[in-house]
Amino acid sequence: MSRGLTRVFGRSLAHRACFATQSTHFPELITGDPYNNVSESIAAKVGVNLHCQPNHPLNIIKSKIVSYFDQLHAQGQPKMQVFDNLSPVTTTENCFDQLLIAKDHVSRKATDTYYLNPTTLLRTHTSCHQVPMLSKGIKNFLVAGDVYRRDEIDASHYPVFHQMEGVRFFPELDATLPYEERVEIVKEHLKATLEGMVESIFGKVEMRWVEAYFPFTEPSLELEIFFEGEWLEVLGCGVTRREIAENANVINEVGWAFGLGLERLSMVLFDIPDIRLFWSQDPRFLTQFQDGVITKFKPYSKYPPCYKDVSFWLSKDFHENNLYEIVRDIAGDMVEKVEIVDAFVHPKTNRESKCFRITYRHHDRNLTNEEVDAIQLVVRESLVANLGIELR
Ligand code: PHE
């Protein structure tokens, strides 16, 4: 088996050293299965591990969170084992079924998720590791990793981003106490722990808890902070549902779990205005940050944008995400944003038309008009060939 295969498909949960690589290509992700929808541009992101790159904002935030839990450990709490190099290739069982995510939930749809085949996919959240870890008897841990979701294109959405997950169980709780009472104790522990974590990252800020829903926790909560004049959601969490623990053969024990997006936190903390910047190789970006410190990003001159519209009649099962994928695959990080600027239904034929505006702009270099025109032409042809739309 090639080195690439072992790295992508390796299911070992053992902690391996986490390396950031310039760019690794995993052709094994493109399987030829009719259900396979992993594009070249996505395959190229797998294994890059930005969250392990020294002096990278995502790594700085990850390390801050790890340090906070190490500090709790020094005060007598159990050690949180850290896993930041688990394979992002997972199964529908680990990612959805074992977490009680409904069979018809949108996150399972091929329009929203990258599949290798109908049962193997790129993880959509780091929660996919909960049951496998618990099954191995690992009950206190942190996972950091890249997650994949097919999505729209703008400054805060990118099909790959990074999450951090935390799980903690309490086998020491008196099992003769009614289950509900133990849930209450665990919930209070969770809230205090996460308030402390957020304070260790943001300093003293106003916080509020908001009720939420996740299929795998009950109760479920979100923590929001008042930061630079706005309420901002920073994480989702809750008390792990009994059935989830039972799926891992952990019986009659109560625990909590939380998950957060590293880009989201970093964008706020470092003032990073565009999610694509995390992938930048430009020294003007990379040299601004230093392990252990949070500094404000100093924007360097932006190159001018170039707008191109494409209008067409929709095909029968047209889905926006398929269009975004094609644009990204062809234009890569030259595309800043794709938005719908017009939509109508023809009064006589009932045919539906949409017009999308593509904003081309690269962070690291200037794009020439000829270059953009050439790309736009390929995009248009590819939309016809792959989506069966009819250009107008
Ligand atoms: N996995 C959830 C998400 O991606 C976050 C979460 C993790 C919520 C753990 C509760 C517990 O949105």
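The table below gives the values:
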| read-out | value |
| --- | --- |
| Any hit, the range 239-252, residues being within 13 Å of the ligand (Cβ to nearest atom), under 24 Å from GLY292 (Cα atoms) and either at pLDDT 95 or above or not in a strand (DSSP E or B) (or both) | no |
| Residue match in the range 136-144 (condition: away from the ligand (no atom under 14 Å from the Cβ) and either modelled with pLDDT under 95 or more than 25 Å from the chain's Cα centre (by Cα) (or both)) | yes |
| Which numbered condition ALA155 misses (of (1) touching a His at 6+ places or on another chain (Cβ under 6 Å); (2) more than 15 Å from the ligand (Cβ to nearest atom); (3) under 21 Å from ASN322 (Cα atoms); (4) of a type outside the set (Val, Ile, Thr)) | (1) |
| The range 230-246 residues that are of a type in the set (Val, Ile, Thr), paired with ones that are outside any strand (DSSP E or B) and more than 9 Å from the ligand (Cβ to nearest atom) (beta carbon under 6 Å, 6 or more apart) | VAL239/VAL183; VAL239/VAL186; VAL239/LYS187 |
| Given (1) within 17 Å of ASP151 (Cβ to Cβ); (2) without any contact (Cβ under 8 Å) to a residue 40 or more places away in the chain; (3) polar (S, T, N, Q), number of the condition ASN322 does not satisfy | (2) |
| Pick from the range 208-226, criterion under 20 Å from the mean Cα position of the chain (by Cα) and hydrophobic (A, V, I, L, M, F, W, C), ranking: farthest from the ligand (Cβ to nearest atom) | LEU223 |
| Condition broken by LEU235, with the remaining ones in (1) in contact with a strand residue (DSSP E or B) (Cβ under 7 Å, 6 or more places away or on another chain); (2) more than 22 Å from VAL106 (Cα to Cα) satisfied | (2) |
| Those residues of the range 86-97 which are among the hydrophobic types (A, V, I, L, M, F, W, C) and in a strand (DSSP E or B), in sequence order | VAL89 |
| Residues located in the range 157-203, provided they are under 30 Å from GLU230 (Cα atoms) and among the polar types (S, T, N, Q) | GLN163, THR193, SER200 |
| The range 275-286, residues that are part of a helix (DSSP H, G or I), touching a residue at least 12 places away in the same chain (Cβ under 8 Å) and more than 14 Å from ILE60 (Cα to Cα) | ILE275, ARG276, LEU277, TRP279, ARG284, PHE285 |
| Every residue from the range 51-85 that is of a type in the set (A, V, I, L, M) and either assigned to a loop (DSSP other than H, G, I, E, B) or surrounded by fewer than 21 Cβ atoms within 10 Å (Cβ to Cβ) (or both) | VAL66, LEU72, ALA74, MET80, VAL82 |
| Identity of the residue in the range 109-134, of a type in the set (D, E, K, R) and under 14 Å from the mean Cα position of the chain (by Cα), that ends up farthest from the ligand (Cβ to nearest atom) | ASP112 |
| Subset tally (residues that are within 19 Å of ALA257 (Cα to Cα) and either at pLDDT below 95 or of a type outside the set (Asp, Glu) (or both)) for the range 169-200 | 21 |
| The range 307-340: number of residues that are among the β-branched types (Val, Ile, Thr) and either in a helix (DSSP H, G or I) or outside the structural domain of LEU367 (by TED's automatic domain parsing) (or both) | 3 |
| The range 106-118 residues that are assigned to a strand (DSSP E or B), paired with ones that are of a type outside the set (Gly, Ala, Ser) and buried (at least 16 other Cβ atoms within 10 Å of the Cβ) (beta carbon under 7 Å, 6 or more apart) | TYR115/ASN36; TYR115/ASN37; TYR115/LEU121; LEU116/LEU29; LEU116/ASN36; LEU116/VAL38; LEU116/VAL89; ASN117/ASN36 |
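So that you can scan it fast, the table gives a plain yes or no per residue for (1) surrounded by 18 or more Cβ atoms within 10 Å (Cβ to Cβ); (2) under 21 Å from PHE69 (Cα atoms); (3) not assigned by TED's automatic domain parsing to the domain that holds ARG149:
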| position | (1), (2), (3) |
| --- | --- |
| VAL205 | no, yes, no |
| THR217 | yes, no, no |
| ILE225 | yes, yes, no |
| VAL239 | yes, yes, no |
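To keep it simple, each residue is scored yes or no on (1) more than 23 Å from the chain's Cα centre (by Cα); (2) in a strand (DSSP E or B); (3) away from the ligand (no atom under 16 Å from the Cβ).
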position: VAL234; (1), (2), (3): no, yes, no
position: PHE258; (1), (2), (3): no, yes, no
position: GLU263; (1), (2), (3): no, no, no
position: PRO273; (1), (2), (3): no, no, yes
position: ILE294; (1), (2), (3): no, no, yes
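The values are calculated or read from the model by the stated rules, or taken from the named source; none is laboratory data. Every value quoted in this text rests on a predicted model; they were computed, and no experiment measured them. Glycine also receives a Cβ, built like all others from the backbone with ideal geometry; neighbour counts cover every protein chain displayed.
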